[in-house]
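Trainee: The structure under discussion is supplied below as structure tokens; questions concerning it will follow.
The values are calculated or read from the model by the stated rules, or taken from the named source; none is laboratory data. It should be emphasised that the depicted structure is a prediction, and the values quoted were computed from it without experimental measurement. Note that we place each Cβ from the backbone using ideal geometry, even for glycine, and neighbour counts take in every protein chain shown. Just the protein is used for accessible areas: all its heavy atoms, side chains included, with ligands, DNA and RNA removed. Shrake-Rupley method; radii C 1.70, N 1.55, O 1.52, S 1.80 Å.
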Amino acid sequence: LGYDGSAPLLDPMCGSGTIAIEGALIAAGIAPGHTRTFSCEAWPSLDAGAAGRARAAVARPPQAARAAIVASDRDAGAVEATQANAARAGVADRIAVAKHAFSALEAPPQPGLLLSNPPYGARVKGGADLRNLYAQFGNVARKSLVGWRVALVSADRALEAQTRLPFEDVLEFSNGGISVRLIAATVA
């Protein structure tokens, strides 16, 4: 999708905040995994200083914020989890987190990327509620996100169709053992 932090990023169904946090790290120019250790670092055949040199090669001061990153969810527990996870990742000051339904979305005026992993009924059945959620998603997108790139993680083409957005497949992968696709569309 080419996200680089120069345009706003929204995740209106943020759950634990993974998308917003990863977006904030990308926007800040912070290397993935910069604070964790990797099992290969304990290999006897690895030069003892190699991991340190690799970390030093990608270490650089965080870049200043260039565009808004907004995470929201209607669930208070999800909002709290996002705030706690963002603080642990060191990017809490780079993400605006709010509790509200997707229908109350207020997008920044500059077009950007809405990327989300909404419920798709694979773990918990949603029936008509999920069909309504996806239909409402499409309605809000067409009203408030003209010119925006919208991308979703999806496991159900029937739910996608409820949005009436011209999604195209971008990538197929497994999410928690569930076969999913990243789909994207530009809202006209």
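Trainee: Please pick out the residue among G121, G138 that is closer than 28 Å to D4 by Cα and small (G, A, S).
Mentor: On the way: G121 fails: closer than 28 Å to D4 by Cα.
Result of the check over G121, G138: G138.
Trainee: Turning to a different aspect of this structure: Name the residues in segment 170-188 that are open to solvent by 60 Å² or more (accessible area, probe 1.4 Å), assigned to a strand (DSSP E or B) and out of contact with any Ser or Thr (no Cβ under 9 Å at 6 or more places or on another chain), would you? It would help to see each step written out before you state the result.
Mentor: Applying the first criterion (open to solvent by 60 Å² or more (accessible area, probe 1.4 Å)) to segment 170-188 yields 170-174, 176-177, 179, 186, 188.
When the remaining residues are screened for being assigned to a strand (DSSP E or B), the result is 170-174, 179, 186.
The answer is V170, L171, S174, S179, T186.
Trainee: Just give me the residues in segment 88-123 being among the aliphatic types (A, V, I, L, M), part of a loop (DSSP other than H, G, I, E, B) and under 12 Å from A141 (Cα atoms), in sequence order. Show your work before the answer.
Mentor: If we filter segment 88-123 for residues that are among the aliphatic types (A, V, I, L, M), which is where we start, we get 89, 91-92, 95-98, 101, 104-105, 107, 113-115, 122.
So of that shortlist, the ones also part of a loop (DSSP other than H, G, I, E, B) come out as 91, 95, 101, 105, 107, 122.
Of everything in segment 88-123, those that are among the aliphatic types (A, V, I, L, M), part of a loop (DSSP other than H, G, I, E, B) and under 12 Å from A141 (Cα atoms) turn out to be L105, A107.
Trainee: Hey, another quick one. Identify, from the list L1, L46, the residue that is in a loop (DSSP other than H, G, I, E, B) and closer than 30 Å to E168 by Cα.
Mentor: Values: L46 fails: closer than 30 Å to E168 by Cα.
One residue alone meets the criteria, L1.
Trainee: Given the structure, is Q83 touching a residue at least 40 places away in the same chain (Cβ under 8 Å), open to solvent by 40 Å² or more (accessible area, probe 1.4 Å), closer than 17 Å to S16 by Cβ and not aliphatic (A, V, I, L, M)? I'd like the intermediate steps shown before the answer.
Mentor: Working: touching a residue at least 40 places away in the same chain (Cβ under 8 Å): yes; open to solvent by 40 Å² or more (accessible area, probe 1.4 Å): yes; closer than 17 Å to S16 by Cβ: yes; not aliphatic (A, V, I, L, M): yes.
So Q83 fits the description; yes.
Trainee: Would you say L113 is open to solvent by less than 70 Å² (accessible area, probe 1.4 Å), closer than 21 Å to G2 by Cβ and modelled with pLDDT of 95 or more?
Mentor: yes
Trainee: Moving on to the next point. Check A7, A78 and return the single one that is small (G, A, S), within 26 Å of N139 (Cβ to Cβ), open to solvent by less than 80 Å² (accessible area, probe 1.4 Å) and assigned to a helix (DSSP H, G or I).
Mentor: Details: A7 fails: assigned to a helix (DSSP H, G or I).
The conditions single out A78.
Trainee: Taking the criterion of being assigned to a loop (DSSP other than H, G, I, E, B), out of contact with any His (no Cβ under 6 Å at 6 or more places or on another chain) and not acidic (D, E), would at least one residue in segment 132-146 satisfy it? Break it down into steps so the answer makes sense when it comes.
Mentor: Here is the first cut: in segment 132-146, the ones assigned to a loop (DSSP other than H, G, I, E, B) are 145-146.
If we keep only those that are out of contact with any His (no Cβ under 6 Å at 6 or more places or on another chain) as well, we get 145-146.
Restricting the remaining residues to those that are not acidic (D, E) gives 145-146.
Yes, that holds for at least one residue.
Trainee: Also, I was wondering about something else. Need the failing condition index for P119 against (1) of a type outside the set (A, V, I, L, M); (2) out of contact with any Lys or Arg (no Cβ under 7 Å at 6 or more places or on another chain); (3) open to solvent by less than 60 Å² (accessible area, probe 1.4 Å), just the number.
Mentor: (3)
Trainee: Additional query: For residues that are crowded, with 21+ Cβ neighbours inside 10 Å and in contact with a Lys or Arg (Cβ under 8 Å, 6 or more places away or on another chain), tally how many sit in segment 14-34.
Mentor: Adding up the residues that qualify gives 2.
Trainee: Hey, another quick one. Which condition from (1) of a type outside the set (G, A, S); (2) open to solvent by 20 Å² or more (accessible area, probe 1.4 Å); (3) in contact (Cβ under 8 Å) with a residue 24 or more places away in the chain is the one that F167 breaks?
Mentor: Failing condition for F167: (3).
Trainee: Restricting to segment 49-75, give me the number of residues that are open to solvent by less than 40 Å² (accessible area, probe 1.4 Å), without any contact (Cβ under 8 Å) to a residue 12 or more places away in the chain and farther than 30 Å from S39 by Cβ. Can you show your working first?
Mentor: Keep residues of segment 49-75 that are open to solvent by less than 40 Å² (accessible area, probe 1.4 Å), which gives 49-51, 67, 69-73.
Remaining after also requiring without any contact (Cβ under 8 Å) to a residue 12 or more places away in the chain: 49-50.
So of that shortlist, the ones also farther than 30 Å from S39 by Cβ come out as none.
Residues in segment 49-75 being open to solvent by less than 40 Å² (accessible area, probe 1.4 Å), without any contact (Cβ under 8 Å) to a residue 12 or more places away in the chain and farther than 30 Å from S39 by Cβ: 0 in total.
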